[in-house]
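The values are calculated or read from the model by the stated rules, or taken from the named source; none is laboratory data. Just so you know, these numbers come straight off a predicted model, no measurement behind them. So basically every Cβ, Gly included, is an ideal-geometry build from the backbone, and we count neighbours across all protein chains shown. Surface areas here come from the heavy atoms of the whole protein model, side chains and all, with no ligands, DNA or RNA. Shrake-Rupley method; radii C 1.70, N 1.55, O 1.52, S 1.80 Å.
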Amino acid sequence: MSAPTGPLLIGSEIYRRSSYGGQHPLRIPRVSTVMDLTRALGWLPPARFRQSPRAKPAALSLFHDPAYIAALQAAEARGHALPDDSRFGLGTVANPVFPEVFRRPATSAGGAMLAAELLRDAGVIYVPAGGTHHGLPARANGFCYTNDPVLAMLVLRRVGARRIAYVDIDAHHCDGVEEAFAGDPETLLISIHEEGRWPFTGHLEDEGVGNCFNLPVPRGFNDSEMRAALEGLILPRVTGFRPDAIVLQCGADALLEDPLSRLALSNNAHWSVVAALRPVAPRYLVLGGGGYDPWSVGRCWTGVWATLTGDEIPDLLPREAQAVLATLPRFRGRPEPQEHMLTTLRDAPREGPVRPEIRARLSHLARR
Ligand SMILES: [Zn+2]
């Protein structure tokens, strides 16, 4: 396989009409919005795009229990869960059996694993469908059926990246990734997530073998506070670790509009982290993650791609791009998008005071 010469985006059409069900937060389009917006803006020429392959069960067994993967395939074929599937966490409100319940996560995992292979020597690859950081070896968990970050990291290791830094700015703690790598001193794990929120792991004191750095943050976490975390935790730790590869999980559910968290970032905060980590290692894999407001997540992740490619984000979106945002489906009970969510990509910055508890936690982590 030839190494890419510039940033690549790995995506698929499977996400366009796939829904976890009418009441589920993942009934909304996300990856298709990114593909449509980047194309409407002229940022995704064919040479920059790769089709995500669907990982085969044998490939998924690098991390997952073959019996669990077989149950996932059987549930998809059958169209519903069996009572016995509860041992795999299948058929729950969070992890329902939906029409693509095997093919969709197998495609995200296949995309992240392909990215890792293409990063054999060096490069920058973006897999917006990736970032399913709650997946467990034999259990669906938190909307995640597979764990593509773990699979990608295992492949990165196999192709020669020894030291891997994983950074996670999703609103939720990366429990599945931490469980997989907390005992591995050649992996650095950094997670910033909302305190007191599901899955209730990732405490400040949870250190793994000294390789895990968890920063729980209070409600209202703002851009200034993310900058303090970037400069006081993420950059010094990742740089000092001298990683061969960086994996960034870029969940968009820490943005102000997100219905599943109470954090208050603007998308500028995400883009700053994406840009800051890029020069720190030769291999850079950027993944998606959570994100449950269709406009907020689509705009954020499209800007992530522009940050990687260097394309300039216009103040006002051209007509074709505005049309993509205008036609996103609206759901009863959700607020109508504000004007700027339909006409721009960049949010207004959401700066604020850096609160004392965040300063205290950052200095606690810096002392380690
Ligand atoms: Zn999340």
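Values computed for the structure shown
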quantity	calculated
Calculated [θ] (222 nm, deg cm²/dmol) that DSSP helices of n ≥ 4 give over the chain, each run adding -39,500 (n - 2.57)	-10000 deg cm²/dmol
Per residue solvent-accessible surface (Å²) - the chain, probe of 1.4 Å	38 Å²
Theoretical FRET efficiency, 1/(1+(r/R0)^6), r = Cβ-Cβ of A67 and R359, R0 51 Å, to 0.05	0.60
Solvent-accessible area of Y292 with every protein chain in place, 1.4 Å probe, in Å² to the nearest 10	20 Å²
DSSP-defined antiparallel bridges as percent of all bridges, region 115-260, nearest 5	10 percent
Amide H contacts under 5 Å for L8, placed H, 5+ residues apart	V124, I125, Y126
Relative contact order, percent, the chain [alpha-carbon distance under 8 Å, six or more residues apart]	17 percent
Computed P(r) (all Cα pairs; region 148-216; 5 Å bins; percent)	4, 19, 30, 24, 14, 6, 2, 0
Dipole in debye (nearest 20) - the chain, about Cα centre, beta carbon charges: Lys, Arg +1; Asp, Glu -1	540 debye
Dimensionless Rg over Rh [the chain; C-alpha; Kirkwood]	0.94
Fraction of antiparallel bridges per DSSP, the chain only, in percent to nearest 5	5 percent
Accessible area, probe 1.4 Å, largest first, for residues V217, V209	V209, V217
For H193, distant residues with modelled amide H under 5 Å away	L215, V217
Average Cα contact separation per residue, region 214-266, under 8 Å, 6 or more apart, as relative contact order %	48 percent
Segments 139-146, 89-96, 21-28 sorted - mean Cβ within 10 Å per residue, highest first	139-146, 89-96, 21-28
Euclidean distance of C-alpha centroids, region 61-137 and region 216-268, integer Å	25 Å
Quarter of the Cα convex hull surface for region 279-356, i.e. its orientation-mean projected area (nm²)	8.0 nm²
Accessible-area composition of the chain, carbon plus sulfur, in percent [1.4 Å probe]	54 percent
Radius ratio Rg over Rh of region 31-171, counting only Cα atoms, Kirkwood formula for Rh	0.99
